[in-house]
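The values are calculated or read from the model by the stated rules, or taken from the named source; none is laboratory data. None of the values given here were measured: they were computed from a predicted structure. Positions of Cβ are generated from backbone atoms using ideal geometry, with glycine treated the same way; all protein chains shown enter the neighbour counts. For the accessible areas, the whole protein counts, side chains as well, though only heavy atoms, and no ligand, DNA or RNA atoms are used. Shrake-Rupley method; radii C 1.70, N 1.55, O 1.52, S 1.80 Å.
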Amino acid sequence: MNFIFLGPPGAGKGTLAKEAAKAFNIPHISTGDIFRENIKNGTELGKKAKAIIDAGGLVSDEITIGLVKDRLSQPDTANGYILDGFPRTIPQAEALESFAKIDAAVNFDIADEAVVERLGGRVCCKDCGQMYHVKFNPPKVEGKCDKCGGELYTRDDDKTESIQNRLVVYRKSTAPLIDFYKEKGNLVDIDARPAPEKVLEEFKAKFKK
Ligand code: AP5
Ligand code: MG
Ligand code: ZN
């Protein structure tokens, strides 16, 4: 199946996507991860995107659409994929229609206060990208990744002003996609409030895996 994960920043899209991708044996494609990888490697794309991302804005539709179109043309997407964080605007969703067929738009249902708390405590692995939360999902050893031993860091866009801006941008540019997919008949709501294992269980039950 071809999924898109829709929801506010910090809703747990990446956390669920990593596990759901394993369960369904399909790739997890996160535009945010692709941008961060480019920033880390100092590419031209990374240089263009860094200031925008740190401030909590959106990278241009043109750049982002091109990147996703290219990624979806790769053979590992033939049996399905999870697009996490794309589309994020109506023009992106319209462009996606021209080169992909989406089976389900999974909408993460959660209140703003909860996402602010989740983002405020998030730490990520520098090497493998695994997410942790200092309170809800702490690593076994402080500052170290359970999976690969890599160093944990706080994303530059997980600072208070940037979080607030991402929420504003989400409401204005991304939330309209909920109606866009509702009208197409493939919106599926998921309760994003429970613990990660519960959210994964609900996802598997909804999509029969
Ligand atoms: P992106 O990386 O997609 O960031 P985001 O949408 O802001 O979402 P996050 O990754 O912050 O949150 P998440 O929902 O994945 O939550 P997570 O699982 O980490 O994009 C970054 C930037 O790139 C954008 O701001 C933009 O600039 C640019 N960009 C990306 N795509 C773009 C596009 N299409 N167009 C234009 N620009 C684009 O969880 C958060 C925390 O909560 C973690 O600490 C986790 O451990 C914890 N947690 C997760 N689930 C639970 C749970 N169930 N219970 C308790 N804690 C939980
Ligand atoms: Mg994410
Ligand atoms: Zn790691």
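Here the Karplus relation 6.51 cos²θ - 1.76 cosθ + 1.60, evaluated at θ = phi - 60°, turns the backbone of the stretch 51-60 into coupling constants of 5, 5, 5, 4, 7, x, x, 10, 5, 4 Hz, with x for every Gly and Pro. With 18 Å as the limit, write out which pairs from K18/K204; K182/K208; K40/K126 have Cα-Cα distances beyond it, or answer none. Where the Cα-Cα span goes over 18 Å, the pairs concerned are K182/K208. Its relative contact order, with pairs defined as Cα atoms under 8 Å and 6+ residues apart, puts the chain at 31 percent. Sequentially through the stretch 20-27, phi angles give Karplus couplings (6.51, -1.76, 1.60; θ = phi - 60°) of 5, 4, 5, 4, 9, 6, 10, x Hz, Gly and Pro residues having no value and appearing as x. With all protein chains in place and ligands, DNA and RNA left out, the 1.4 Å accessible area ranks F207, F5 as F207, F5, largest first. Per-residue ellipticity at 222 nm computed for the chain from its helices equals -13500 deg cm²/dmol, with DSSP H segments shorter than 4 residues left out and the rest contributing -39,500 (n - 2.57).
G121: net charge of surrounding residues, Cβ under 15 Å, Lys/Arg +1, Asp/Glu -1, itself excluded?
Around G121, the charge tally is 0.
The share of accessible area on the stretch 124-209 that comes from carbon and sulfur is 52 percent, using a 1.4 angstrom probe. Expressed as a whole percent, the accessible area of the stretch 1-114 that falls on carbon and sulfur atoms is 52 (1.4 Å probe). Under a Cβ-Cβ cut-off of 13 Å, what is the net charge of the residues other than E142 that fall near it, where Lys and Arg count +1 and Asp and Glu count -1? Net charge around E142: +1. Near the amide H of V188, under 5 Å away, which other amide H atoms are found, from residues 5 or more places off or on another chain, if H is placed in the peptide plane? For V188, whose amide H was placed from the backbone, the distant partners under 5 Å are A105, V106, N107. Shown here for the stretch 57-152: GluC sites (Glu not before Pro) in loop regions (DSSP other than H, G, I, E, B) with at most 12 other Cβ atoms within 10 Å, namely E142.
Coupling constants for the stretch 92-107 follow from the phi torsions by the Karplus curve (6.51 cos²θ - 1.76 cosθ + 1.60, θ = phi - 60°), and in residue order they are 5, 5, 5, 5, 4, 4, 7, 9, 8, 10, 8, 8, 8, 9, 8, 9 Hz; glycine and proline get x.
Straight Cα distances below 19 angstrom link K144 to the aspartates and glutamates D127, D156, D158, with same-chain residues fewer than 8 positions distant left out.
Amide H to amide H distances under 5 Å link Y81 with N2, F3, where only residues 5 or more positions off or on other chains count and H is placed in the peptide plane. Largest accessible area first, the listed residues V188, V115 line up as V188, V115 when surface is computed with a 1.4 Å probe on the assembled protein chains. Rolling a 1.4 Å probe across the protein heavy atoms gives the chain an accessible surface of 51 Å² per residue. Across I90, I26, the residue with the most accessible area heads the list, and the full order at a 1.4 Å probe is I90, I26.
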